[in-house]
Amino acid sequence: MSLALTDVVLTYPDGDRALTALDHVGLEVGPGEFAAVVGPSGSGKSSLLAVAATLITPASGTVSVAGRETTGLRPAERTRLRRDHIGIVFQQPNLPASLTALDQLTVMAHLAGRSPRRAAGRARELLAAVDLAGLEHKRPHQMSGGERQRVNIARALMNGPEVLLVDEPTSALDHVRGEQVVKLLERLTRDRRLATVMVTHDLARLTAADRVYSMTDGRLSAPSEA
Ligand code: ADP
Ligand code: MG
């Protein structure tokens, strides 16, 4: 399994008490599988992705990525595992304003200590895969919202992850652009054998998914086939 969460509990401090953001959550996603998690605002979707991304360690339960249990890892090991195996697309495309589309991608390889020449080749290949081959030298302010989101997705794939985690990718887009982004995620999932988890509050986005989970007050339902 590329990504497996078992019996995950996550709490946040809340005054003298604790708020349970994830309440015994389990989730398994294999290569080439597209899972969607739907739920209202505040139900715990972003918390689920943060735990799956190993950015937050849960109070209990296990998170395994590419076959490795992560909750017991030291921070440096966890950082390396995240960098090599997990692609993360946050809700806001946080693209540095001064970098071209190509550099948004190559900087990821640079941070991972990889060869710049090969990085440029891979970045071009990925920009083409997200239908942005012509935009290599454009900066974020010269792109549409949909184009920025696709750069964001291509950037997440730069280090060849097995797992792709995507938080509300369509929230800033109109209907048509949003649909294009979800179709693109589906295609990348199949072509690159990714284990993809997309969270959304938007029910119209779910037809592309293999399985749909719903999240309510930190609890994740059993999946239904989409
Ligand atoms: P969603 O992404 O579905 O909107 P979140 O995972 O962001 O839900 O939030 C789940 C619950 O946890 C909410 O009640 C939210 O207010 C709370 N929460 C999220 N992040 C934090 C945090 N860093 N500290 C305290 N509470 C938080
Ligand atoms: Mg959220």
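For the chain, max minus min Cα coordinate along each principal axis, in Å, sorted largest first?
49, 40, 35
Quick one: which of 131-143, 189-201, 103-115 comes out on top by average Cβ neighbours within 10 Å, and what's the full order, highest first?
Numbers: 131-143: 14.5, 189-201: 21.2, 103-115: 16.6.
My ranking of the peptides, most packed first, is 189-201, 103-115, 131-143.
Rounding to the nearest 20 debye, state how big the charge dipole of region 106-166 is about its Cα centre with +1 on each Lys and Arg Cβ and -1 on each Asp and Glu Cβ.
Working: 10 positive and 5 negative charges, 49 e Å.
It comes to approximately 240 debye.
Just want the answer: with Cβ charges of +1 for Lys and Arg and -1 for Asp and Glu, which residue in LEU99, PRO116, LEU164 is farthest toward the dipole's positive end in region 92-226?
Positive-most Cα among the choices belongs to PRO116.
Antiparallel DSSP bridges in the chain: what percent, to the nearest 5?
Numbers: 20 of 39 bridges.
Expressed as a percentage, antiparallel bridges in the chain total about 50.
Bear in mind these aren't lab numbers, they're just calculated from the coordinates by the rules spelled out. Predicted model only: the values in this text are computed from it and were never measured. Reconstructed Cβ throughout: ideal geometry from the backbone, glycine too, with neighbour counts over all protein chains shown.
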